[in-house]
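Worksheet: one structure, shown below.
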Amino acid sequence: MHNNKNILLTGTAGFIGSNFVPYFLEKYSEYNLINLDLLTYAGDLKNLKECEGNPRFKFIKGDICNRELVEFIFTEYDIQGVIHFAAESHVDNSIKNPGVFVQTNVNGTFTLIDEAYKYWMNQPFKYKQEYQDCRFHHISTDEVYGTLGDVGLFTETTPYAPNSPYSASKASSDMIIRAYNETYGMNTVITNCSNNYGPKQHDEKLIPTIIRNALKGNSIPIYGDGKNIRDWLYVLDHCKGIDLVYHKGKKGQTYNIGGRNERTNLQIVNTICTILDKKIPKKTSYKELITFVEDRAGHDKRYAIDATKLENELGWKADENFDSGIVKTIEWYLTKYSFENINVLE
Ligand code: NAD
């Protein structure tokens, strides 16, 4: 283990990071993973239970905005790569409380890349001898591109047009990463992914909210007319895309990741209710619980990703389609909620 590389991963007690870490730990025995997460309301160490006790897994509770801590981690662990997931990630929260989004997503990203720059490089375009290959991978979202009409897809050259405080903060963080590549010659990559779904997603997000409310017999809230479209990707396919870009992506480049699985929110809720009607039938269909609620302010109409660059350059393709991935996801939540005493078999 002495010759192993230490990689810093941030935000891994959250949804995507906690799916990524077990996959990455298992695949690369030559890496030690140093995990930094503040454990905000969105982070939960239970999500990383399967990594506990692994000698190549180290968890540190702390804030990516804390410069002294970040500097200490780089030095103490001789960090040789960064994969940066940590963020405030829920659009609804960003409408109510945008400040913390700017703090974590913008200032936090700046702090991390600036410390990486100082630790790895002597001056612009001059890496220190022993850190030549060190790379900073920033995880971002398709929401930076704004919203689409009925046709068209986001490509890597689509102009940025973020609409919510969340997407604006993510767009800002992408720009900082871009600047560190252009100005200092840092080895950076950015991935912009569409909506993820799968195990370990926080209860506040759309798919867990639908499943939980259906199981409890509560009304299932759907924004507006339910016709907003998102491009859904199974979380492990996102993780595989990150792995490919981290190892094989071209320096300074951006790669879009998306599953070509566009669905309206109404299609999502109907699909989930249909599956639940078969798995745990009740007297009436779960669809009876669907309730339309006042739309989210500034609700983007449609997101859809063109992942051609990642597919053609790096050979990525999604292993899961929505119909297979949603069944796995529902099964995971049925187990989780039955442990939380939501009586799924009533
Ligand atoms: P999440 O909200 O589930 O997890 C975020 C994690 O970051 C949590 O564990 C939280 O404790 C941690 N965190 C928050 N502030 C922190 C801080 N100041 N310092 C250290 N840790 C902090 O988010 P997610 O859905 O797993 O998203 C991960 C990344 O992927 C984010 O950057 C997000 O923008 C991006 N992304 C998410 C999606 C999606 O559909 N979920 C899609 C595309 C991109």
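Here are a few things to note about the model shown:
- For residue 26, the stated conditions hold: it is more than 13 Å from the ligand (Cβ to nearest atom) and either free of Cβ contacts under 8 Å to residues at least 24 places away in the same chain or acidic (Asp, Glu) (or both).
- Scanning region 188-227 for residues that are open to solvent by 40 Å² or more (accessible area, probe 1.4 Å), in a helix (DSSP H, G or I) and within 11 Å of the ligand (Cβ to nearest atom) turns up just one, 206.
- Every condition in (1) touching a residue at least 12 places away in the same chain (Cβ under 8 Å); (2) more than 21 Å from residue 248 (Cα to Cα); (3) not acidic (Asp, Glu) is met by residue 17 except one, and the failing one is (2).
- Among the candidates 298, 252, residue that is in contact with a helix residue (DSSP H, G or I) (Cβ under 6 Å, 6 or more places away or on another chain) and of a type in the set (Gly, Ala, Ser): 252
- Scanning region 173-186 for residues that are within 12 Å of the ligand (Cβ to nearest atom) and either open to solvent by 30 Å² or more (accessible area, probe 1.4 Å) or among the hydroxyl-bearing types (Ser, Thr, Tyr) (or both) turns up just one, 173.
- Annotation for region 96-109: at least one member residue is closer than 19 Å to residue 139 by Cβ, surrounded by fewer than 17 Cβ atoms within 10 Å (Cβ to Cβ) and within 13 Å of the ligand (Cβ to nearest atom).
- Region 119-147, residues that are open to solvent by 30 Å² or more (accessible area, probe 1.4 Å) and part of a loop (DSSP other than H, G, I, E, B): 124, 125, 128, 132, 133, 147
- All positions within region 198-235 that are touching an Asp or Glu at 6+ places or on another chain (Cβ under 6 Å) and more than 20 Å from residue 274 (Cβ to Cβ): 223, 224, 231
- Enumeration of residues in region 320-340 that are within 21 Å of residue 260 (Cβ to Cβ) and assigned to a helix (DSSP H, G or I): 322, 323, 324, 325, 326, 327, 328, 329
- In region 237-282, the residues that are among the acidic types (Asp, Glu) and within 23 Å of the chain's Cα centre (by Cα): 237, 243, 262
- Residue match in region 54-77 (condition: open to solvent by 30 Å² or more (accessible area, probe 1.4 Å) and either at positive phi or touching a His at 6+ places or on another chain (Cβ under 7 Å) (or both)): no
- Close pairs from region 39-62: first more than 18 Å from residue 89 (Cβ to Cβ), partner among the polar types (S, T, N, Q) and surrounded by 15 or more Cβ atoms within 10 Å (Cβ to Cβ), Cβ under 6 Å, at least 6 apart: 56/32; 59/35
The values are calculated or read from the model by the stated rules, or taken from the named source; none is laboratory data. Note that the coordinates shown come from a computational prediction; the quantities given were computed from them, not determined experimentally. No Cβ is skipped: glycine too gets one built from the backbone with ideal geometry, and neighbour counts run over all protein chains shown. Ligands, DNA and RNA are stripped out before the accessible areas are found, and what is left, the full protein with its side chains, is counted by its heavy atoms. Shrake-Rupley method; radii C 1.70, N 1.55, O 1.52, S 1.80 Å.
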